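Chemist: To start, I am sharing the structure in question, which I have written as C-alpha cells.
The values are calculated or read from the model by the stated rules, or taken from the named source; none is laboratory data. Quick caveat: nothing in here was measured; it's all calculated off a predicted structure. Don't worry about glycine lacking a Cβ; one is built from the backbone with ideal geometry, like all the others, and counts go over all protein chains shown. Accessible surface areas use protein heavy atoms only, side chains included; no ligands, DNA or RNA. Shrake-Rupley method; radii C 1.70, N 1.55, O 1.52, S 1.80 Å.
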Amino acid sequence: MFFNKSPFLRLTFPFILGIVSYHYLGDYLQIGSFLPICLFIFYMILWKINSLRFNPLMACLAIIMLFSFGFLRLQDHRLDSEASHILWQKGAIEAYEGIVIEEPVEKARSVNLRLNVKRAYIDRQWQVVTGLVNLYVSKEAGDSISYGDWLLVKGAPEQSGAPSNPGEFDFANYLVYNNMFHQQFAGNDFVRLGGSTPNLLKARSIQLRKFCKDRLVRHIDNAEVRSVMLAIVLGIKNELDNDLQGAFSASGAMHVLAVSGLHVGIIYAIILLSFKWLRVDQRKGRWWIAIISILALWCYAFLTGLSPSVLRAVTMFSFIALAKAMNRNGNIYNTLAASAFLLLWYNPYLIMSVGFQLSYLAVFGIVYLQPKFYQLFTINNYLLDKIWAITCVSLAAQVATAPLSMLYFHQFPTYFLISNLFIIPAAFIMLIMGLFMLVFSSIPFVGEGLGWLIEIFVQLVNTLVYFVRDLPGSTLEGIRITTGETWLVYTVFIFLILLFYKRRFSYLILSFGVACVFAISQIDLRKDYLHSSTFRLLDVSNTSVADFRYSSHSRLLADSIFKADQNKRRFHFEPGRLLAGSNLRPEDDKLPLVSRDFMGNKVVCFRGETFFFLQNPLPPVTIKYEALTVDHLVVSHNAVRDLDTVVDKLDFGDLLIDTSNKSYVAQKLIKQAARLDLTAHSIQRHGYFEKLWND
C-alpha cells in the first residue's frame, strides 16, 4: 500500500541498483541498449491486453527495465567510455591543453583545479583527447587562475593509484565518482593561453559569490567569525581552521558549516513565514507561493556559486514546493523519490556522494520520525514545546544518519541534542544576518552595525560550541563499522520502528537477533588484531613515520611536525590505527618500547627483533665503536648516500628506505642493495612496509 502511493519509490530503487551494479560489475556484466527497448515493447503489449494475471510479470519487466536504465545511464555518463579518453592513449603524452571548469580551490600549499582536457601532444603531434584531470599547481602561480581559463600543461597526467597506507581514504575512487581518472602535480609547469566561458551562468554565479565574499570580509574583522559566516552564507569553507572545524564536529554541529539542506530549508521556511505574516491565502495563492519560493531558492543557489550540495538541496525543495502547490502534501516520500530520481538521472554518481546520502536520509528521518517522537509528549508551555520540537527534529535526523556517519567519519557526538538546541536557531539567525549584510551593507553605518552584531553573536555561538566540545566524553572516537554492519544497524532500527508502530513482539525478537549478528561481526573484526602485533613504515611524503602496535596498544615514532599536523595524521596515520582498534592520538600511546641510543640514532627492540633508525650519518670507519647487528635498518633523511659505507659497519637483515630520503638517493640505495644481494624495500617505490606477528 505504501509503495502504491509512492510510484517514484518503485522507480528509484531498481534504477539505483542498476547504477551501483555498473560501477562494481561493469567489467563482468554487459547490457545492450536493445534490452530495455525490447522489454518496453513487451510491457506495452501486456498492458494493452489488460489482464490481471499478467500484473506480476509486468512488475518484473518494469524492475528489469529500470535496472537496465540505471546501468546504461552510468555507462553513458562515464567519460572513459569514449575512445578519445586519456585512458586509451597509447603514446606518451608530453603536454596537454584544457579548460578550468570549476572554481579553483586554494589548498595549504597549492591550488586545486579541475581541467577538462581538449587535446594532447602525443608522438610529436597534437591529437584530440578528452577527459578530466585533477590538477594541482603552485600557490603562487595558481592565484591568477580563474574559472574558464585555457591552460597548457607540461608533462603527462598520472592515473590515480590505490591508497598508500592501510585503511587510507581511497582518493582514486573519489575521483572516479567525479568522472576523473587522472591527476597531476604540475607546480609551475603550465602556461595560461587565454580564457573562455564554458558556462555563462556558472561564471556569473562565481563572480557574484566573490562579490558577496568581499562584502562580508570588508565588514567582519574577526577572522574566526568571518570564516563561520562565509561557510554558513556562501559555502566557502577554506578559511575555517582545524580547531574550529573540530569543535563543530565534536559537538554535533558540523552540518551548520556545510551549505546544504539545512540552509536551503531555512530559506524556504523564511519564505513560507513571510507569506503567512502577509496573510496570503495558502490555498488560493499556492501557485504564487510555489513560484516565488522556487525562484528564491534558485537565486540562493546562484549566490553560492551553484555548488553541487546546494543544487541538490534546492532541487529537493523545489519538488516539495511544487508538491504543495499541487496539493500533494500527503505523499512527501514520493516527492523526495522524484527529486532523487531526477538528480541521479542527471548525475548517476551522486548515489556515491556522502552528502547526497546523508541529505536524503536526514530529510526522510525528519519527515517520518519527527512527528512520531513529537507525539510522545504533550507540552502546554509554548517555550518548552518549541524546545521539544527542535529536540525531536535533531533526534530524528540523527537516528536516520548516525550509522552512515559512523561508517564514514568513525565518530559520534554524544551531546548532539544539547548543541542542536542552540545551533539550529543560531544558524537561522546567522543566515538571516548574513543575507541582510549582503543586501544592506552599502548603506552608510548599516554595514558596520551589522558587522558588529554578527561578531558578537557568532562569538557567542562559537563559545557555546567550544563548551560542548570540552564536556567530558563529548565525542565517541575510533568507531569502526563495515558497510555490511551499517546495513545491520539500519535493519535493527527498522525492526524497532515496526515494533512501536505495529506492537508485535516478533519485531523485538528480530531486532535482537540482528543486533547479535552485528555484535558477532564486531568481535570477529577485532579478534585478529587483539592477538597480533605489527610494525609499519608509512608512506607519507617527505616524512619518516613508523608505528609499532601490540594488540590494541601502539607507539608512534615520528617528528614533532608530523605529530602536530592534524590533516596529515587524519589522512595517512589514523585510518591504520582505526583498523586495529588502537588509540588515534599519538599523545595517548601506551605501548612501552625498549630502545637505546647508538651514535645519535635510535635502536628499538620489539617482538624479539631489532630496528635501527638511522637518521644521522654514522661516523667514519676510522673511529672505533661497538659492532651492531640488527634485523631491520631504517634509513631516513638521506643519512646513507652510499650503501658500501654502511655494510662494513653494520650487520642488518633488510633495508627499509622511508620517504624522508630524496628519490635519487632511494633509487641509488635500491640498486646497490640488489648488487650486494640485500633485501631492500623503498617506500617511494614499493609502498608502505608492514611486518606482522601472530600470537
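Chemist: Could you list, in sequence order, the residues of segment 527-539 that are surrounded by 15 or more Cβ atoms within 10 Å (Cβ to Cβ) and either at pLDDT below 90 or more than 28 Å from the chain's Cα centre (by Cα) (or both)?
Modeler: The answer is Tyr529, Ser532, Ser533, Thr534, Phe535.
Chemist: Further, regarding this structure: Restricting segment 370-405 to residues that are open to solvent by 40 Å² or more (accessible area, probe 1.4 Å) and touching a residue at least 40 places away in the same chain (Cβ under 8 Å), which is farthest from Leu579 (Cα to Cα)?
Modeler: Among them, the one singled out is Lys372.
Chemist: Still on this structure, I have one more. Determine whether segment 443-465 contains at least one residue that is of a type in the set (S, T, N, Q), open to solvent by less than 20 Å² (accessible area, probe 1.4 Å) and either over 21 Å from Ile424 (Cα atoms) or in a helix (DSSP H, G or I) (or both).
Modeler: yes
Chemist: Working only within segment 179-209, note down all residues that are within 19 Å of Thr304 (Cβ to Cβ), open to solvent by less than 50 Å² (accessible area, probe 1.4 Å) and in contact with a helix residue (DSSP H, G or I) (Cβ under 9 Å, 6 or more places away or on another chain).
Modeler: The answer is Ser205, Arg209.
Chemist: Helices (runs of 4 or more DSSP H) wholly in segment 571-682 with at least 1 residues that are over 39 Å from the mean Cα position of the chain (by Cα) - which ones?
Modeler: The helices (runs of 4 or more DSSP H) meeting that bar are 644-647, 663-675.
Chemist: If you don't mind, another one. If I ask for residues that are more than 16 Å from His182 (Cα to Cα), of a type in the set (Phe, Trp, Tyr) and in a strand (DSSP E or B), which ones from segment 118-152 would you list?
Modeler: Tyr121, Trp126, Trp150
Chemist: Looking only at residues in segment 414-442 that are of a type in the set (Val, Ile, Thr) and touching a residue at least 40 places away in the same chain (Cβ under 8 Å), which one is most open to solvent (accessible area, probe 1.4 Å)?
Modeler: Restricting to residues being of a type in the set (Val, Ile, Thr) and touching a residue at least 40 places away in the same chain (Cβ under 8 Å), the top hit is Ile418.
Chemist: Further question: Take the residues of segment 109-138 that are modelled with pLDDT under 90 and farther than 22 Å from Gly161 by Cβ: which is most open to solvent (accessible area, probe 1.4 Å)?
Modeler: Arg124
Chemist: State which residue is most open to solvent (accessible area, probe 1.4 Å) when the search covers only segment 84-101 and only residues that are out of contact with any helix residue (DSSP H, G or I) (no Cβ under 9 Å at 6 or more places or on another chain) and over 8 Å from Ala120 (Cα atoms).
Modeler: Checked segment 84-101; the qualifying residue most open to solvent (accessible area, probe 1.4 Å) is Lys90.
Chemist: If you don't mind, there's one more thing I want to ask. Tell me which residues, restricted to segment 257-266, are buried (at least 23 other Cβ atoms within 10 Å of the Cβ), β-branched (Val, Ile, Thr) and part of a helix (DSSP H, G or I).
Modeler: Of everything in segment 257-266, just one residue is buried (at least 23 other Cβ atoms within 10 Å of the Cβ), β-branched (Val, Ile, Thr) and part of a helix (DSSP H, G or I), namely Val264.
Chemist: Could you check Gly252 against (1) more than 26 Å from the chain's Cα centre (by Cα); (2) not in a helix (DSSP H, G or I) and say which number it fails?
Modeler: If we test Gly252 against (1) more than 26 Å from the chain's Cα centre (by Cα); (2) not in a helix (DSSP H, G or I), just (1) comes out false.
Chemist: Just checking, does segment 26-35 include any residue being open to solvent by 70 Å² or more (accessible area, probe 1.4 Å), of a type in the set (Phe, Trp, Tyr) and either more than 33 Å from the chain's Cα centre (by Cα) or closer than 24 Å to Ile351 by Cβ (or both)?
Modeler: Yes: segment 26-35 contains one or more residues that are open to solvent by 70 Å² or more (accessible area, probe 1.4 Å), of a type in the set (Phe, Trp, Tyr) and either more than 33 Å from the chain's Cα centre (by Cα) or closer than 24 Å to Ile351 by Cβ (or both).
Chemist: Follow-up. State whether one or more residues within segment 583-601 are in contact with a Gly (Cβ under 6 Å, 6 or more places away or on another chain), open to solvent by 20 Å² or more (accessible area, probe 1.4 Å), under 24 Å from Met406 (Cα atoms) and of a type in the set (A, V, I, L, M).
Modeler: Yes, segment 583-601 contains at least one residue that is in contact with a Gly (Cβ under 6 Å, 6 or more places away or on another chain), open to solvent by 20 Å² or more (accessible area, probe 1.4 Å), under 24 Å from Met406 (Cα atoms) and of a type in the set (A, V, I, L, M).
Chemist: Within segment 540-563, which residues are of a type in the set (Gly, Ala, Ser) and at pLDDT 90 or above?
Modeler: Ser544, Ala546, Ser554, Ala558
Chemist: Filter segment 213-232 down to the residues that are open to solvent by 10 Å² or more (accessible area, probe 1.4 Å), in a helix (DSSP H, G or I) and of a type outside the set (Lys, Arg) and list them by number.
Modeler: Asp214, Val217, His219, Ala223, Glu224
Chemist: Additional query: With Leu72, Leu57, Leu61, Leu66 as the choices, which residue is in a helix (DSSP H, G or I), within 28 Å of the chain's Cα centre (by Cα) and of a type in the set (A, V, I, L, M, F, W, C)?
Modeler: Only one candidate qualifies: Leu72.
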